[in-house]
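To start, the structure itself, in structure tokens.
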Amino acid sequence: SAKQQGKNCYAIFNSQMRQKSQNRLQLETDLRYAWEQQDFLVYYQPVVCLQTHQIVGFEALIRWQHPTKGWISPYQFIPVTEETGLIIPLGYWVLKTACNQLKAWTQISPKMQHLMMSVNLSSRQIQDYNFVEKINQVLTETQINPQNLKLEITETILMEKPEDVKEKLIQIRAQNIQLSLDDFGTGYSSLSYLHNFPINTLKIDRSFITRMNFNPENAAVVQAIITLAHTLGMDVIAEGIEKAEHLERLQALECEYGQGYLFSKPVSAIKAEQLLGSQQFWME
Ligand code: C2E
Ligand code: MG
Ligand code: MG
Ligand code: MG
């Protein structure tokens, strides 16, 4: 009967829901334990000048190897840490680790003094009441040149509490720290708000780069984004460059920088240092 079927549906729905919330609770528990055990790592992906192919900096990306499930993607666990609040201490740990690494690399040789380090921020971190003080504290502790630090934020963060966020970003910029707008083009915001925020760099989302070669319209969109950024005095990083054709097209469009598997995946600090030493990695 329909009633019976409804009951079955309810039972299935219920057990799926239960499974889901159990998995979720387990993930929260595992993350809290991983934090206590200091199980997280920071990997580094080169940011490359598209004209010279030299490494101009790195993006710090968190990594977590679960004791039984193996590597878990940040796309999967960062949202959980945002909901539980763990992202606050975890985010500062990534920032501090990346700044200490930057400090070490810039001291290797005078050639490294302009090396950039980019660190991703969550909205929870920016909303933290003493966000600006904590960033300043990291600068003091690690003694890096603030000009070598870039903080990556997303369009969503800008749209959530525009006035509050803008105020904090202005204070960050006043310290000479740079700001990038990550995953540009994936948000729902209009372009007109862009000039309201003190952004230095636009990062074109990987999805645009991937689709660029399939039809001329997608390439035109990338062209338009680059032109817009340059008009607003920003430079551009293309994310997700995987093919030589992507690189050629982006060079022709006068995109300054790029990241992607064509150059290098995110790697450990030791491997990143080797890449810096060789500076020929992109030909391999
Ligand atoms: P994101 O900031 O946009 O970082 C770029 C992502 O694209 C990284 O994924 C990187 O490994 C991947 N990627 C780079 N080049 C290529 C390519 O050529 N092809 C493909 N398919 N992928 C490429 P990852 O490391 O898995 O990080 C995913 C996201 O998790 C990041 O996206 C960022 O939003 C977030 N995330 C990572 N680390 C942190 C962190 O320390 N703090 C915060 N708040 N978020 C983080
Ligand atoms: Mg990023
Ligand atoms: Mg991105
Ligand atoms: Mg992304």
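The values are calculated or read from the model by the stated rules, or taken from the named source; none is laboratory data. Keep in mind the model is a prediction, meaning the values are calculated, not measured. As a convention, Cβ positions derive from the backbone with ideal geometry for all residues, glycine included, and neighbour counts pool all protein chains shown. Heavy atoms of the whole protein, side chains included, go into the accessibility calculation; ligands, DNA and RNA do not. Shrake-Rupley method; radii C 1.70, N 1.55, O 1.52, S 1.80 Å.
The table below lists the values:
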quantity: Amide proton proximity set for Phe58, modelled H, under 5 Å, gap of 5+; calculated: Val47, Met116, Met117, Ser118
quantity: Derived scalar couplings ³J(HN,Hα) [the stretch 86-91; Karplus, 6.51 cos²θ - 1.76 cosθ + 1.60; whole Hz; x for Gly, Pro]; calculated: 4, 4, 5, x, 5, x
quantity: Neighbourhood charge, 12 Å Cβ-Cβ cut-off, centred on Ile72 and excluding it, Lys, Arg +1 and Asp, Glu -1; calculated: 0
quantity: Per-residue [θ]222 nm for the chain (sum of -39500 (n - 2.57) over DSSP H runs n ≥ 4, rounded to 500); calculated: -16000 deg cm²/dmol
quantity: Most fluctuating residue given options Ser118, Ser264, Ser15, as computed from a GNM of the chain linking Cα atoms under 10 Å; calculated: Ser15
quantity: Whole-angstrom Cα spans of the chain along principal axes, big to small; calculated: 73, 48, 44
quantity: Centroid-to-centroid separation of the stretch 191-236 and the stretch 168-185 [C-alpha atoms, Å]; calculated: 17 Å
quantity: Accessible surface of the chain [probe 1.4 Å, protein heavy atoms]: carbon and sulfur percent; calculated: 52 percent
quantity: Per residue accessible area of the stretch 133-250, 1.4 Å probe, in Å²; calculated: 47 Å²
quantity: Those lysines that a straight Cα-Cα span of less than 21 Å connects to Lys271, excepting residues fewer than 8 apart in one chain; calculated: Lys96, Lys103, Lys111
quantity: Shape call, the stretch 60-199: gyration tensor on alpha carbons, a/c limit 1.5; calculated: oblate
quantity: Approximate spin-label separation Gln26-Ile170, in nm, with each point projected 7 Å along Cα-to-Cβ; calculated: 4.9 nm
quantity: Estimated inter-spin distance, Lys69 and Gln113, nm [label 7 Å along Cα→Cβ]; calculated: 4.7 nm
quantity: Cut-off of 10 Å, at most 11 other beta carbons, DSSP loop: longest stretch of the chain lacking such chymotrypsin sites (Phe, Trp or Tyr not before Pro); calculated: 1-128
